[in-house]
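No value in this document is a laboratory result; all are computed from the given coordinates. Fair warning: this is a prediction, and the values are worked out from it, not measured in the lab. FYI the Cβ positions are ideal-geometry reconstructions off the backbone, even for glycines, and counts take in every protein chain you see.
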Amino acid sequence: MIEYPYKQSFLGYFNNIYRYRSLIWMLSKKWIKSKYEDSYIGMGWMVASPIITTLIFTFFFGLMFSVNINQVQYFLYIYSGMLPWLFFQDVFLEVLDIFPKEQQIIKRISFPRLVIPLSLICAKLIQFFFSIILLFVIAMSSGKPISGNIFMLPVIILQLVLIAMGLGLIFMVPCIIYRDLKHMLRFIVPLGMYTLPIFYKMRMVPLKWLRVYLLNPMVSFIQCFRSILFRENIPWTLLIKGMGVSIIVFAIGFAIFRKYEKKLTDFI
């Protein structure tokens, strides 16, 4: 029989999660190993996958927008936009399905259930960091200067983690109960990539639509991510707005998750 602790404060809950940090790390290694263990290049796919995707998009959109596809700069532009988007997309969609995949652990062991999505995020962060290192290598090899604001990178990563996990926690229970919703989101969410300044610059967005366009928080994350990596002016308004939206979304998701945490075994 699984016993749950009495109602805890926010800090008390996360202090309890900290006690299970070894479990988070163990599950993170499990996600990585299970995903890449049967492939020839193994963890190399963590970096190769976004690179191959970016090369395809560089060729395709290079032709569409009449860009010289031999220019490394356009590749870097797309790659620097793809990385935060792919991190958000992967975390959000995989959080939706992570509890049904780990139902044996949930039903047999008592621990804070937030440990499971946190372990997934740790695995995705490892992939993200490897991809960022490769981005630096390509940028410096091509003569693209790296910004002195690189110390702000953890802020953007924190924003991405909060909003991706928050949205995942908001839709998690509905997707477990109504499986069709999960499949619909897996179809719809990847299409959001084409609404973001990944392949084109924001100046191409009609001025009359710009205010509505900027309501999408992912626009803020991608623009700030590029500004922090490369020598561009940081859009502080977008940065502050992105942090505010991320905190609000995570707070809502966490509150919903805490409400249904004890009932997860019934749903799955």
In whole Hz, the Karplus estimates of ³J(HN,Hα) for the range 192-208 (6.51, -1.76, 1.60; θ = phi - 60°; x where Gly or Pro) are x, 4, 7, 9, 10, x, 9, 9, 9, 8, 4, 5, 7, 6, x, 4, 5
With springs only between Cα atoms under 10 Å apart, run a GNM on the chain and tell me which of 207, 191, 93 wobbles the most. 207
Within the chain, excluding any GluC sites (Glu not before Pro) found in a DSSP loop (not H, G, I, E or B) and having at most 15 other Cβ atoms within 10 Å, the longest uninterrupted segment runs 38-231
Three-way shape call for the range 112-216 based on the alpha-carbon gyration tensor, with the a/c threshold at 1.5: oblate
Cleavage-rule hits (chymotrypsin sites (Phe, Trp or Tyr not before Pro)) in the range 81-184: DSSP loop, at most 16 neighbouring Cβ within 10 angstrom: 178
Need the list of lysines near residue 33 for cross-linking: C-alpha distance under 27 angstrom, and skip anything on the same chain fewer than eight residues off. 101, 107, 124, 182
If a helix is a whole DSSP H run, which ones in the chain reach 30 Å or further along their own axis (Cα) and hold a mean Kyte-Doolittle hydropathy of at least 1.6? 115-141, 153-177
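Before anything else, pin down the relative contact order of the chain: Cα pairs under 8 Å, at least 6 apart, normalised by residue count, whole percent.
Computed over the chain, the figure is 26 percent.
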Please state the Cα pair-distance histogram of the chain with 10 angstrom bins from zero: what percent is in each bin? 6, 27, 34, 22, 9, 2, 0
